[in-house]
């Protein structure tokens, strides 16, 4: 907090003890509600989760959760998890979606940003229109793509134009194609986000170096790779991180399009947890899964944040 | 090139729009021919979801869309209020006095977690408190989930604000709290408004949380929309499209209105403009 003390020093205030006291007190009260909410949603539930994950408790057992110790099974849920092939398959599927969608969204977003960095007539209008997909409620977007990929829907209709016979692919009930449809929806909805962030980053790259490079006769591509992209490094990392995290949580669009089906063909980690929660009702086990995911994510994110803030300092 | 991309970004929305205005004969499952635009546009789908049975659809709804719309509005607005109140206060406290310096990271972590991963304890707690299927219970969760956005947005706005005016008032002998409520907050009105709209869009867009925490009386629009298909009539494509359209319009309009601040909000203030 060295920054703060410097700011205090700059303030040409009658820095009496009263003022300082008042500030400390006010600062405390102002942050209190947020602190409480975080405790309420994070700390207490996680302790509760740890407790329930050691039991075989389910809401149907007829005993309240705080007496779940009667069904104590220790670490059985965790060992079960290690050999739960459906869980690992769901995790793998989530990674597949991530590995396919994030790079495509990034490249499309970057390409669009390049197009939009220069002025052209109607730019503002085009810009707003391109942002529409990401503002559509994800559940509704899921329904839109559910409609598009019907066997008698527009996607097949469009494909029919290019082939001699009418195409009637049942996208969403074909185990190998359903995931493609789901990824198409995600790419459609979230490429604009990449575009928005990358464009903002590209605009903020200072012009002077680029001008100098132009005078020296550097080609556009060379300027882009050697000046613009390196300057956008932090922003690119932020954009990629946001999308990676969000895709890990993917649920709404996917669940409405396929419900995780056919079978388990599009079951990602969130859909899997949801199904075990709502259909199988083995909450002790769900608590164990959720806790493992939370711990892994915390470690990964703590590492990512520390690397990023280190990187920011070096810059 | 750009025109093609524009087309791609608009077609799914337009297709649903056209669905919403199609009469049943044009969208029923057996519906023979695919038409890009309704041949005989009708408002039947909208009438249907608000409880008026149409001539062609013999079924009528057990519960209309009016209540889910109200539930969505109430939960999203109140959730926004909670997030903005706690977020703005904390942002100011941290921006000016450096209090609660563990908050920023805690809040980012909160945002990283899939909501699915804390739902079990939350559902148990909410059942215990009688907050399941209750708009207020939903609003509290929304408030917590969107708190990181409210906090980070307002923090960057406070950080940007010049302090000379506040300092002047302090020298005049105003108390810190008075400066905050009488000078800073009124000056921040545009920032508060766009942050609130941003948070509202996020709350309005939720599906998963409402799916888990509401069952009947307070289901929100997306949950209600999916339940429309499970009735014995099969898929009610047109009606669902009409409802989807109603759900999609507010965020799109609000989103375009606060376009300028979208980047800031979505990147937790790491990027401005």
Worksheet entry | Any hit, segment A:83-90, residues being within 12 Å of another protein chain (Cβ to nearest Cβ), exposed (fewer than 15 other Cβ atoms within 10 Å of the Cβ) and either under 24 Å from residue B:86 (Cα atoms) or at pLDDT 80 or above (or both) | no
Discussion item. Considering only residues that are within 16 Å of residue A:288 (Cβ to Cβ) and either touching a helix residue (DSSP H, G or I) at 6+ places or on another chain (Cβ under 9 Å) or free of Cβ contacts under 8 Å to residues at least 12 places away in the same chain (or both), which ones fall in segment A:60-75?
Written reply: A:65, A:68, A:69, A:71, A:73, A:75
Worksheet entry | Matching residues in segment B:245-258 - criterion: being more than 7 Å from chain A (Cβ to nearest Cβ) and in a helix (DSSP H, G or I) | B:245, B:246, B:249, B:250, B:253, B:254, B:257
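Somewhere in segment B:153-160, is a residue crowded, with 21+ Cβ neighbours inside 10 Å and within 8 Å of another protein chain (Cβ to nearest Cβ)? Even if it seems obvious, please write down each step before you answer.
Looking only at segment B:153-160, we keep the residues that are crowded, with 21+ Cβ neighbours inside 10 Å, and these are B:153-157.
Narrowing further to those that are within 8 Å of another protein chain (Cβ to nearest Cβ): none.
No - not one qualifying residue is present in segment B:153-160.
Pick out the one residue from A:50, A:30 that is at the interface with chain B (Cβ under 8 Å from one of its Cβ atoms), surrounded by 13 or more Cβ atoms within 10 Å (Cβ to Cβ) and modelled with pLDDT of 75 or more. Break it down stepwise before answering.
Working: A:50 fails: at the interface with chain B (Cβ under 8 Å from one of its Cβ atoms).
Only one candidate passes the filter, namely A:30.
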Worksheet item: Before we move on, is residue A:239 over 25 Å from residue A:149 (Cα atoms), within 14 Å of chain B (Cβ to nearest Cβ) and either more than 18 Å from the chain's Cα centre (by Cα) or surrounded by 16 or more Cβ atoms within 10 Å (Cβ to Cβ) (or both)?
Response: yes
Worksheet item: Of the residues in segment A:271-280, how many are within 24 Å of residue B:225 (Cβ to Cβ) and more than 11 Å from chain B (Cβ to nearest Cβ)?
Response: 1
Practice prompt. Considering only segment A:258-270, state which residues are within 11 Å of chain B (Cβ to nearest Cβ) and either at pLDDT below 90 or not in a loop (DSSP other than H, G, I, E, B) (or both).
Written response: A:259, A:269, A:270
Worksheet entry | Total residues in segment A:124-146, condition at the interface with chain B (Cβ under 7 Å from one of its Cβ atoms), over 18 Å from residue B:201 (Cβ atoms) and surrounded by fewer than 23 Cβ atoms within 10 Å (Cβ to Cβ) | 1
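If a residue must be in contact (Cβ under 8 Å) with a residue 40 or more places away in the chain and within 10 Å of chain B (Cβ to nearest Cβ), how many such residues does segment A:150-181 contain? Quick ask: steps written out before the conclusion?
Looking only at segment A:150-181, we keep the residues that are in contact (Cβ under 8 Å) with a residue 40 or more places away in the chain, and these are A:172-176, A:178-179, A:181.
Right, trim to within 10 Å of chain B (Cβ to nearest Cβ) and you get none.
Number of matching residues: 0.
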Fill in: Which numbered condition residue A:250 misses (of (1) within 11 Å of chain B (Cβ to nearest Cβ); (2) in a helix (DSSP H, G or I); (3) surrounded by 17 or more Cβ atoms within 10 Å (Cβ to Cβ); (4) touching a residue at least 12 places away in the same chain (Cβ under 8 Å))
(2)
Fill in: Number of the exception - residue B:229 against (1) surrounded by fewer than 24 Cβ atoms within 10 Å (Cβ to Cβ); (2) modelled with pLDDT under 90; (3) more than 10 Å from chain A (Cβ to nearest Cβ)
(3)
Response to the item:
Picking from B:173, B:98, the residue that is within 11 Å of chain A (Cβ to nearest Cβ) and either in contact (Cβ under 8 Å) with a residue 24 or more places away in the chain or touching a helix residue (DSSP H, G or I) at 6+ places or on another chain (Cβ under 7 Å) (or both) would be B:98
Item to complete: Report the residue count in segment A:281-304 for those that are surrounded by fewer than 16 Cβ atoms within 10 Å (Cβ to Cβ) and at the interface with chain B (Cβ under 7 Å from one of its Cβ atoms).
Response: 1
Discussion item. Tell me yes or no: at least one residue of segment B:30-44 is away from every other protein chain (no Cβ under 14 Å), surrounded by fewer than 19 Cβ atoms within 10 Å (Cβ to Cβ) and modelled with pLDDT of 80 or more.
Written reply: yes
Worksheet item: Among the residues of segment B:48-102 satisfying the criterion of being part of a loop (DSSP other than H, G, I, E, B) and within 30 Å of residue B:162 (Cβ to Cβ), which is modelled with the lowest pLDDT?
Response: B:100
Worksheet item: Looking at (1) surrounded by fewer than 22 Cβ atoms within 10 Å (Cβ to Cβ); (2) over 24 Å from residue B:244 (Cα atoms); (3) within 11 Å of chain B (Cβ to nearest Cβ), which is the one condition that is false for residue A:112?
Response: (1)
Worksheet entry | Evaluation of residue A:224 against (1) closer than 28 Å to residue A:84 by Cα; (2) out of contact with any strand residue (DSSP E or B) (no Cβ under 6 Å at 6 or more places or on another chain); (3) touching a residue at least 24 places away in the same chain (Cβ under 8 Å) (one fails), failing number | (1)
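Per-residue answers, yes or no, for (1) at pLDDT 90 or above; (2) crowded, with 24+ Cβ neighbours inside 10 Å; (3) assigned to a helix (DSSP H, G or I):
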{"residue": "B:202", "(1), (2), (3)": "yes, no, yes"}
{"residue": "B:215", "(1), (2), (3)": "no, no, no"}
{"residue": "B:260", "(1), (2), (3)": "no, no, yes"}
{"residue": "B:271", "(1), (2), (3)": "no, no, no"}
Worksheet item: Is segment B:127-147 home to any residue that is crowded, with 21+ Cβ neighbours inside 10 Å, farther than 13 Å from residue B:199 by Cβ and free of Cβ contacts under 8 Å to residues at least 60 places away in the same chain?
Response: no
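The values are calculated or read from the model by the stated rules, or taken from the named source; none is laboratory data. Here the structure is a predicted model, which means the values were calculated and not measured. A quick note on method: Cβ atoms are made from the backbone with ideal geometry, for glycine too, and the neighbour counts reach across all protein chains shown.
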